[in-house]
1. Output the relative contact order of the chain, whole-number percent, from Cα pairs under 8 angstrom with separation of 6+ residues.
2. Give, as a single signed number, the net charge of other residues whose beta carbon lies under 15 Å from the beta carbon of Ala164, with Lys and Arg counted +1 and Asp and Glu -1.
3. Using a basic spin-label model with each label point 7 Å from the Cα along Cα→Cβ, how many nm lie between Ala253 and Ala47?
4. Kindly provide log₁₀ I(q)/I(0) values, in the same order as q = 0.14, 0.15 Å⁻¹, from the Debye equation applied to equal alpha-carbon scatterers of the range 44-107.
5. Normalised by the number of residues in the range 11-113, what is the relative contact order in percent for Cα pairs under 8 Å and 6+ residues apart?
6. Using every pair of alpha-carbon atoms in the range 59-176, split the distances into 10 Å bins beginning at 0 and state the percent of pairs per bin, rounded to integers.
7. Using unit Cβ charges (K, R positive; D, E negative) and no other charged atoms, how large, in debye to the nearest 20, is the dipole of the range 110-233 about its Cα centre?
8. I want to verify a result. In a Gaussian network model of the chain, Cα cutoff 10 Å, which of these has the top mean-square fluctuation: Gly128, Gly94, Gly106?
Amino acid sequence: MGIFDSGLGGLTVFKELRSMLPGENLVYFGDTARVPYGTKSPEAVIAFSKEIAAYLLEKRIKLLIVACNTASSLALDAVRKISPVPVMGVILPGVEAALRTAPPGGRVLVTGTSATVNSRAYSRALAGSGVKVTERACPLFVPLVEEGWCTKPVAETVAREYLAQYRGKADALILGCTHYPLLKKVIAKVMGPRTKIVDSALAAAQAARTELADRGLLNPGRRGRSEFVVSDAPERFSALALALLGIKTGRVAVKRF
Ligand code: DGL
């Protein structure tokens, strides 16, 4: 199975997949040379996503997971067009999980990168469901995570700046960026106990497992391999994967485009 993100964020999906599907071979690509995607144009995100998809498809994967909300918002159709294997994004699973949480007529707050929010992908996916949707871009969250500063006081200061105005006012908050689960504690603290935090990384991994099972493609067993490839700075990626997510990557390969 192939998984990609602009950087570290998709590792939140990888981690759920690794524990749910121990028999699968997983190859993760982090586009560390070009992160962040959230401030780039749709054209750039589509071009990068297609390049990475083509690279992962060469590795004979059976399912491709776009573990990046920005790329899922902007490039899913383009990637599907070039892929002979099923392609899954992270938006629909997050939306479905939010709708299981928020009551009819309830308020859902979607957080994401500027590109994701500007694309309105979540509002479109939630349209007609009966919930009220507010979208809020939180552009400083990704650099905080990529810097490994998730538990520093600055993380809470930034989260308050973006989200304090919604405290007590939302039934569910969607972590609409795969970097954001790493800030979940701080976000939950700022939002208060009334708001359920919806982790789209977990929801996406569950959806991938269902997809494989439905297609009869699940690999039983417990000896799946994990492979990591980045477009720059492999040592830094490896160190942060361990520090932030407890993932031991072993050797990380480099693929430059
Ligand atoms: N983790 C990504 C997302 O889910 C992208 C963050 C970024 O590169 O800006 O949107």
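Every number in this text was worked out from the coordinates using simple rules, so none of it is lab data. No experiment lies behind these values; they were computed from the predicted model shown. Here the Cβ is made from the backbone with ideal geometry for all residues, glycine too, and neighbour counts use every protein chain on show.
1. Working: 526 pairs, mean separation 69.7, N = 257.
Averaging sequence separation for qualifying contacts and normalising by length gives 27 percent for the chain.
2. +4
3. Here the answer is 2.5 nm between the modelled labels.
4. Log-scaled intensity ratios, in q order: -0.45, -0.50.
5. Working: 79 pairs, mean separation 24.2, N = 103.
This gives 23 percent for the range 11-113.
6. 13, 38, 33, 14, 2
7. Working: 18 positive and 11 negative charges, 99 e Å.
Magnitude of the dipole: close to 480 debye.
8. Fluctuation is largest for Gly128.
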